[in-house]
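The values are calculated or read from the model by the stated rules, or taken from the named source; none is laboratory data. The structure displayed is predicted, hence computed values, not measured ones. No Cβ is skipped: glycine too gets one built from the backbone with ideal geometry, and neighbour counts run over all protein chains shown. Keep in mind that these areas ignore ligands, DNA and RNA; they rest on the heavy atoms of the full protein, side chains included. Shrake-Rupley method; radii C 1.70, N 1.55, O 1.52, S 1.80 Å.
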Amino acid sequence: MINVNPHFSQIKPTYLFAQIRQKTEAYLQQNPEADIIYMGIGDVTLPISNAVITAFEKAGDEMGQKESFHGYGPEQGYGFLREAIVRGEYEPLDVEIEASEIFVSDGSKCDVGNIQELFSESCRIALGNPVYPVYLDSNLMAGRTDIVYIPFTAENNFAPLPLKEHVDVIYLCSPNNPTGTVLTKSQLQAWVDYAKKEGSLILFDSAYSAFISDPEVPKSIYEIPGAREVAIEFKSFSKTAGFTGLRCAFTVVPHELKGLDGEGNVVSLNAMWNRRQCTKFNGVSYPVQRAAAAVYSPVGWREVKDQVRYYRENARMIRDGLQEMGLTVYGGEHAPYVWVKLPDGVKSFEFFDLLLDRCAIVGTPGVGFGSCGEGYFRLSAFGDTERIKMGLERMKENLRLV
Ligand SMILES: *Cc1c(COP(=O)(O)O)cnc(C)c1O
């Protein structure tokens, strides 16, 4: 037998979703008539907007004709999409990004995992707790052991101050999955200042930036002065425009970003990422990139904004409903997730069982995202408004918690 990558043994099996499925199935066995409301979904539910799917279909037709067929495209993404991203995403924020700093990909999940191929194995990594599990597991797979956890809790208002100790790479996610909370400009400025002082790199995941409605909350880390020298940004069309099944995202690597190689030479991270992508990636399909570019067309943008508004309205309903029940909630204002603080002493999985038994509602136990998520519960707004309303009614009738 071959010797396998030993680091895989360091990764915890994904108990969380398996456990949720098991418990839900057991409940259905006992209650075959139950009409379960799923409020744990981390996936969009509305179909792709009209303008976007029309662009996709048109590009599909082009592929079937000799004159307009497209073979391999540029590994970095087509110029038309990189330019559309600069104009549609960054110009409205008064942020200067060049098309050559944008790398189109088939998802932020792979990019946030793959990006660490650029860093030395000995880098010290800082991650939130609770956290999007990809950051942690991809680092463990690569054999990184020097990991520092930054608590995101009600005690620090989900906006922890920069660390006192030195770390090399910091993952920040705002609007945050799972907590649904955001970092303001001044809070993010503190992290940028820290990174400049310490010579660290920030990996900024803003997959949910389309949900932000307050100008004081940055949609891009490059709204923060100095960020071009210290930050890589990840954005995705998945939650913004319903691309979870189409697959398109992009990563921004500013030309200012530099690192030291094994011989002490200064190297460009943009050049390294370009080399990495050219070697291991062959681009996103032409129809998908045409669809993504259509998101920034006037009609596409309006349609996509309507979808985001729909989910945001669901989130507001969840927040209000739970608050009326006397619960403390966080997030959900600039994100599709509401992070519920459970009454003292109630554990995440106890609440999961209670919600399922009494209300036939499935949510996500906070502890599944890290130890600091214990005592919290994630509810998702990515569902049907009427079903969510029904879920809230059930909770009001059948849950007596506070
Ligand atoms: C959904 C999500 C993404 C997007 O992933 P894709 O691979 O682009 O679909 C990225 N980061 C976080 C935290 C997410 O929840």
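Figure legend. Inter-residue proximity from the stretch 266-293: first residues part of a strand (DSSP E or B), second residues of a type in the set (D, E, K, R), beta-carbon distance below 8 Å, spacing 6+ or different chains. Indicated pairs: Val266/Lys258; Val267/Lys258; Val267/Asp261; Ser268/Lys258. Scanning the stretch 35-92 for residues that are open to solvent by less than 20 Å² (accessible area, probe 1.4 Å), in a helix (DSSP H, G or I) and in contact with an Asp or Glu (Cβ under 9 Å, 6 or more places away or on another chain) gives Val52, Val86, Tyr90. Checked against (1) open to solvent by 20 Å² or more (accessible area, probe 1.4 Å); (2) more than 16 Å from the ligand (Cβ to nearest atom); (3) modelled with pLDDT of 95 or more, Val167 meets all criteria but (1). For the stretch 221-257, the set of residues classified as more than 12 Å from the chain's Cα centre (by Cα), within 15 Å of the ligand (Cβ to nearest atom) and crowded, with 22+ Cβ neighbours inside 10 Å consists of Ile221, Ile232, Ala241, Gly242, Phe243, Cys248, Phe250, Thr251, Val252, listed by residue number. When you check Asn129 against the structure, is it without any contact (Cβ under 8 Å) to a residue 24 or more places away in the chain and either away from the ligand (no atom under 11 Å from the Cβ) or within 20 Å of Trp191 (Cα to Cα) (or both), yes or no? Judged against the criteria, Asn129 is not a match.
Summed over the stretch 117-138, residues that are in a helix (DSSP H, G or I) and either over 18 Å from the mean Cα position of the chain (by Cα) or over 22 Å from Ser174 (Cβ atoms) (or both) total 2. Of the residues in the stretch 244-261, none is among the hydrophobic types (A, V, I, L, M, F, W, C), modelled with pLDDT of 95 or more, touching a Gly at 6+ places or on another chain (Cβ under 7 Å) and over 22 Å from Gly107 (Cα atoms).
Might you let me know whether the stretch 376-399 holds any residue that is open to solvent by less than 10 Å² (accessible area, probe 1.4 Å) and free of Cβ contacts under 8 Å to residues at least 40 places away in the same chain? Looking for residues that are open to solvent by less than 10 Å² (accessible area, probe 1.4 Å) and free of Cβ contacts under 8 Å to residues at least 40 places away in the same chain, one finds at least one in the stretch 376-399, hence yes. Within the stretch 93-122, the only residue that satisfies the criterion of being open to solvent by less than 10 Å² (accessible area, probe 1.4 Å) and more than 16 Å from the ligand (Cβ to nearest atom) is Glu101. Listed by first and then second residue, the pairs with beta-carbon distance under 6 Å, at least 6 apart or on different chains, first residue in the stretch 185-213 and closer than 23 Å to His166 by Cβ, second open to solvent by 60 Å² or more (accessible area, probe 1.4 Å) and more than 16 Å from the ligand (Cβ to nearest atom), are Glu198/His166.
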